[in-house]
Amino acid sequence: MELILAVVLGILTASGVYLLLRGRTFSVILGLTLLSHAVNVFLFAMGRLKTGSPALIGVVDDYADPLPQALVLTAIVIGFAMTAFTVVLALKAAVELRSDHVDGEAPNEDRL
Amino acid sequence: MALALLFLFPLLGALLPVFFASRPVGLLAVIALLPALASFLLVVLQLPLVLAGETLIHHWQWVPSLGLTFSLRLDALGGIFALLISGIGSLIILFARHYFAGKENAGRFYVLMLLFMAAMLGLVTSENLLVLLVFWEMTSLISFLLVAFSWQKSAARRGARMTLVITAGGGLALLAGLVLLGQVAGSLELSQVLASGEAIKASAYYEWILVLILLGAFAKSAQFPFHLWLPHAMAAPTPVSAYLHSATLVKAGIFLLMRLHPALAETHAWFTLVTLVGMSTLMLGAFVAMFMHDMKGLLAYSTLSHLGLITLLLGLGSPLALGIALFHLIGHALFKAPLFMMAGYVDLATGTRDLRKINGLWRYYPGLMVLTAISAAAMAGLPLLSGYFSKKMLFAASLTVDQPFWAVSVLPLWVTLAGGLSVAYSARIFHNVFFNGQPQDLPKGIPQPLRRWALLPLLPLVVLTLVIGWHPVGLFDFWVVPVTLAATGQLLPSYDFAALDSGWPFWMSLLALIGGIAFYAARNPLFALHARLPEVDAKEIFETLMRQVILFTRWLVHQLENGSLQRYLALLFTTLLVLLFWALQGMVVGPLPLSPVDPAFAIGALVLAVAAIGVVMIQRKRLLALLLLGVVGLIITLFFARFSAPDLALTQLSVEVMAVVIMMLALSFLPQRSPHESSKARRGRDLFLAGGVGAAFATLAYGLLTRPLDSISGFFLEQSVPGGGGTNVVNVILVDFRGFDTLGEITVLAIAAVAVFAFTQDLQLKSRVSEGWDAQGFAEAHPLLLRVTAGLVLPIALMVSAYIFLRGHNMPGGGFIAGLVTAVALTLQYMAGGLVWAQQRMRTQFRPLIGAGILLATLTGLGSLVFGYPFLTSTFGHFDLLLLGEVELASVLVFDLGVYAVVVGSTLLILANLGRLMTVAGPGKEVG
């Protein structure tokens, strides 16, 4: 199971990184979201995977590690805020620069 | 406290001239003299104690957690330097009173002068190595300002820049050396460093430490090949040169070498490095000095030569050689300062420093001539003056070297030759200025008479030179011996000065004298010969070098930073990949066996992988890619739910809904498709980088997952119920154990939301919307069915979120999740009814809601302070509520309410403002 998880994490990361390297803001936002998914799952998995054992005292006998869960919970919410901010930034850039390229200009205008 | 006053007097006193800057120079000089004299008297008062062998040390706590104390020490070594610095400094202040008479910027000079004095005094009384370094850098910076005093002149600016680059560059090396030294010695306090000399010399880092510290000291003391800056620093006003180059700045490096003698000296590497550098500087300075036609240039190179001599003696390593070096250092300070002052007066009176023009001044300045004669004779090493003894002691010391071969054979010859050259240039500075025929077309015509009392600052120094010459034993026994004891820890026997009058030292000095006079007599043909040599201007070389460096760095910056964010990111990922590859070596497989595959998980993983890859494959069709991204989010939600994290699953689900909504909103303003624009090579590079980072990440995850887990969560699981009063450990961690973190996190959330609000305020998207927007879209924007359903959903959703909120402490839920559920429900209202409709029905603005949430959370935390507990301490109790039965209420519930408010407010603020952008007929005023 660990192997499958590692491979899936690798695929998520690779997809995210590839999209981050694209030239258009929307792709970068997609990439960023995939990458934060990967990081969240990675952090969560550091508490190891256990089924049927939520960290509720008295409900079950064996508890999953609650600490990574707490960390990831706030990470998800802040990741959402960051995505929203990036989206607005992309909109602002698209309006002001009249291009949705990350460098704010058409790619054929190659700089030195 | 007295120790700190020593440098505090001039440091604070430096403020005084600021207030009197427009007053006459005479008053300024008196004001500046007060703090300098105060420090001088303070040293004098401490002298009996420190010369008797006492070491005064005082510590002030600075940053105890870093082992950093502000500690000062005064022993005989620091004392003698402090005496020279404050004593000669006081005389220079008097001298500057005459030099700056009738000029405007004396105030600035005195401020810098006192600051410099403070830095030097701090330097020689430091006990902590880092404190020493701070003062060291301070001297570099202030000397830069002093050299650039006449900043209107290009020569001054360039000289100052050179001084700064070389001395501050040396300072960097010194920083590294001292930190390393502190690491090896186990302490940054000098007392401990000096006591662990054997351990330092035996350490593997000894060579590094030695070379780095020597770099710093040599750059400061203008030793070859760092000597370049010193002659060019002569662009400074003469009082600056007199002070910096006789007693202070250049002696700082020497001081450091003496100070660290027990820690570093008396090894083979030390002998070779220090002696060779000293020898080179000695000869280079002595040779060039003779050919300088600029009076101050001659003195500058002679200073170089004497510094080389002192360094050479220190290189020999024995305590006796250090004593002789000290003897010469004191003598040099006493005779070089008057010579500089003389040069300043002659410069003022004649308007030039060119020795070919200044001749025969004896009939204008007989008094100055006598004082110069004594100082120059001491520099030449004529009998019965201070220099005579130190030079012969040097000759004697050069004969006692017994290995290695090159030193035994070359050193005596070398020092004799340099001695001869020093006789020659000393003869020149005296004879050329005061005799040698008549003055030749001086710019100012007939030399002006000196001001009254102008010779006063020279007098004490010249008298001391005479006294030392008359009674060298006194200087040696009462000063040099205790200082050497303080520096090396070894007591010198009394020096037999009578032995110097016979044997080799005597003949060597006689030879140097005759040779020097002969050299000076033959000067004119030699000058002609020298003039035919190609001129090498160190400043030009230096400037060219600096220009090349600047051009190179500019090129490098343009290569790296070409304005393409894609390239920056690629570079970052490349670096990451290299570092990860290096860090992950040997990390691949851990010892734990793999756990059996859960079929549901395997299917989910497969869908996730396909969806993620699918997003990449169809990323150009943006809407489809976004939908697939939603699939990824949902699978991750299921993943959390499957692996015992109900809170995470709820959070992820709500966030996913909102994130997709936001991205859809954004997509309506952006092109629906991305163009094909990456070349094949570029795609290949990106695939390689992405694959590499992904593989590294997978390796890391796999390596970690197959290793045993040692979690700190046991504490939280145990303490959750008794300490936090809740059975949902995740929530208890969030609002109780790590409540402070959560407070920080909701603040970040609020900041992001407010930033979105601010960004959308002046964003004019409506014109863009109308271009490609299907008018049909508006007609069916708010279908009736959705509107009705949404109206039904709202109360239910609010009930659910209230329930989730209240039970959150014990069952999955809590402020974050309840807030998100509420936000989703309200978002539905916005989508169903339209922004205007929904906004009219909102009873609150969002920004006040966010503020209130943060305030509530903070006040809850502060509340525990009122009861005398640390910030955010929680309490809880059980209450019997109507209808709900017994409910456990904890103070963290109030905190969680704050979290709830912030989450609702922030989420809706973001959504409503993004939504406002696309509402053509939307509310004109701001939303939220």
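The values are calculated or read from the model by the stated rules, or taken from the named source; none is laboratory data. Keep in mind that what you see is a predicted model, and the values were worked out from it rather than measured. Using ideal geometry, Cβ is built from the backbone for each residue, glycine included, and neighbour counts are taken over all protein chains shown.
A few comments on the model shown:
- Taking the criterion of being touching a residue at least 12 places away in the same chain (Cβ under 8 Å), of a type in the set (Val, Ile, Thr), over 30 Å from residue A:99 (Cβ atoms) and more than 7 Å from chain B (Cβ to nearest Cβ), no residue of segment A:38-64 qualifies.
- All positions within segment B:576-608 that are surrounded by fewer than 13 Cβ atoms within 10 Å (Cβ to Cβ) and under 31 Å from the mean Cα position of the chain (by Cα): B:578, B:579, B:582, B:583
- Single residue of B:533, B:565, B:572 found to be loosely packed, with under 13 Cβ neighbours inside 10 Å and either hydroxyl-bearing (Ser, Thr, Tyr) or more than 24 Å from residue B:700 (Cα to Cα) (or both): B:533
- Residue check, residue B:463 exposed (fewer than 14 other Cβ atoms within 10 Å of the Cβ), at pLDDT 85 or above and closer than 21 Å to residue B:367 by Cα: yes
- Of all residues making up segment B:641-656, the number that are more than 7 Å from every other protein chain (Cβ to nearest Cβ) and buried (at least 19 other Cβ atoms within 10 Å of the Cβ): 5
- Test result for residue A:95, β-branched (Val, Ile, Thr), facing chain B (nearest Cβ under 7 Å), free of Cβ contacts under 8 Å to residues at least 40 places away in the same chain and touching a helix residue (DSSP H, G or I) at 6+ places or on another chain (Cβ under 6 Å): no
- Residue check for residue B:573: at the interface with chain A (Cβ under 10 Å from one of its Cβ atoms), part of a helix (DSSP H, G or I) and over 48 Å from the mean Cα position of the chain (by Cα): no
- Condition check for residue A:90: facing chain B (nearest Cβ under 7 Å), touching a helix residue (DSSP H, G or I) at 6+ places or on another chain (Cβ under 9 Å) and part of a helix (DSSP H, G or I): yes
Rundown of residues vs (1) out of contact with any helix residue (DSSP H, G or I) (no Cβ under 6 Å at 6 or more places or on another chain); (2) surrounded by fewer than 24 Cβ atoms within 10 Å (Cβ to Cβ); (3) closer than 17 Å to residue B:35 by Cβ, yes/no style:
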| site | (1), (2), (3) |
| --- | --- |
| B:93 | no, no, yes |
| B:97 | no, no, yes |
| B:100 | no, yes, no |
| B:106 | no, no, yes |
| B:111 | no, yes, yes |
| B:116 | no, no, yes |
| B:119 | no, no, yes |
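- The C-beta contact set for segment B:619-636 (first residue without any contact (Cβ under 8 Å) to a residue 60 or more places away in the chain and within 7 Å of another protein chain (Cβ to nearest Cβ), second residue crowded, with 16+ Cβ neighbours inside 10 Å and assigned to a loop (DSSP other than H, G, I, E, B), distance under 6 angstrom, 6+ apart or interchain) comprises B:625/B:619.
- Annotation: of all residues in segment B:601-616 being in contact (Cβ under 8 Å) with a residue 24 or more places away in the chain and either of a type in the set (Val, Ile, Thr) or over 17 Å from residue A:48 (Cα atoms) (or both), the one that is nearest to the other protein chains (Cβ to nearest Cβ) is B:608.
- Residues satisfying the stated conditions in segment B:791-809, i.e. more than 28 Å from residue B:837 (Cβ to Cβ) and either surrounded by fewer than 23 Cβ atoms within 10 Å (Cβ to Cβ) or out of contact with any strand residue (DSSP E or B) (no Cβ under 7 Å at 6 or more places or on another chain) (or both): B:806, B:807
- Filter pass, residue B:770 being polar (S, T, N, Q), in the same structural domain as residue B:857 (by TED's automatic domain parsing) and modelled with pLDDT of 85 or more: no
- Here B:65, B:39, B:86 are screened, and the one residue that is of a type outside the set (Phe, Trp, Tyr), under 30 Å from the mean Cα position of the chain (by Cα) and at pLDDT below 90 is B:65.
- Among the residues making up segment B:736-766, those that are more than 7 Å from chain A (Cβ to nearest Cβ) and closer than 14 Å to residue A:77 by Cβ are B:741, B:743, B:744, B:746, B:747, B:750, B:751.
- Tally of residues being facing another protein chain (nearest Cβ under 7 Å), of a type in the set (Gly, Ala, Ser) and in a helix (DSSP H, G or I) across segment A:1-37: 5
- Residues that are small (Gly, Ala, Ser) and either under 25 Å from residue B:674 (Cβ atoms) or not assigned by TED's automatic domain parsing to the domain that holds residue B:668 (or both) do not occur anywhere in segment B:584-607.
- Residue tally, condition out of contact with any Ser or Thr (no Cβ under 8 Å at 6 or more places or on another chain), free of Cβ contacts under 8 Å to residues at least 60 places away in the same chain and within 30 Å of residue B:913 (Cβ to Cβ), over segment B:656-704: 7
- Considering only residues in segment B:668-690 that are surrounded by 17 or more Cβ atoms within 10 Å (Cβ to Cβ) and at pLDDT 85 or above, the one that is farthest from the other protein chains (Cβ to nearest Cβ) turns out to be B:689.
- Segment B:42-66 - residue that is crowded, with 16+ Cβ neighbours inside 10 Å and touching a Phe, Trp or Tyr at 6+ places or on another chain (Cβ under 8 Å) and, of those, nearest to residue B:477 (Cα to Cα): B:51
- Criterion violated by residue B:590 - all others in (1) in contact (Cβ under 8 Å) with a residue 24 or more places away in the chain; (2) more than 7 Å from every other protein chain (Cβ to nearest Cβ); (3) small (Gly, Ala, Ser); (4) assigned to a helix (DSSP H, G or I) satisfied: (4)
- Helices (runs of 4 or more DSSP H) fully within segment B:777-857 that include at least 1 residues being in contact (Cβ under 8 Å) with a residue 24 or more places away in the chain and within 14 Å of another protein chain (Cβ to nearest Cβ): B:784-807, B:815-833.
- With respect to the conditions (1) more than 7 Å from chain A (Cβ to nearest Cβ); (2) without any contact (Cβ under 8 Å) to a residue 60 or more places away in the chain; (3) assigned to a loop (DSSP other than H, G, I, E, B), residue B:709 lacks only one, and its number is (1).
- Some residue of segment A:65-80 being assigned to a helix (DSSP H, G or I), free of Cβ contacts under 8 Å to residues at least 60 places away in the same chain, at the interface with chain B (Cβ under 7 Å from one of its Cβ atoms) and under 30 Å from residue B:675 (Cβ atoms): yes
- Among the residues making up segment B:202-216, those that are surrounded by fewer than 19 Cβ atoms within 10 Å (Cβ to Cβ) and in a helix (DSSP H, G or I) are B:202, B:207, B:208, B:211.
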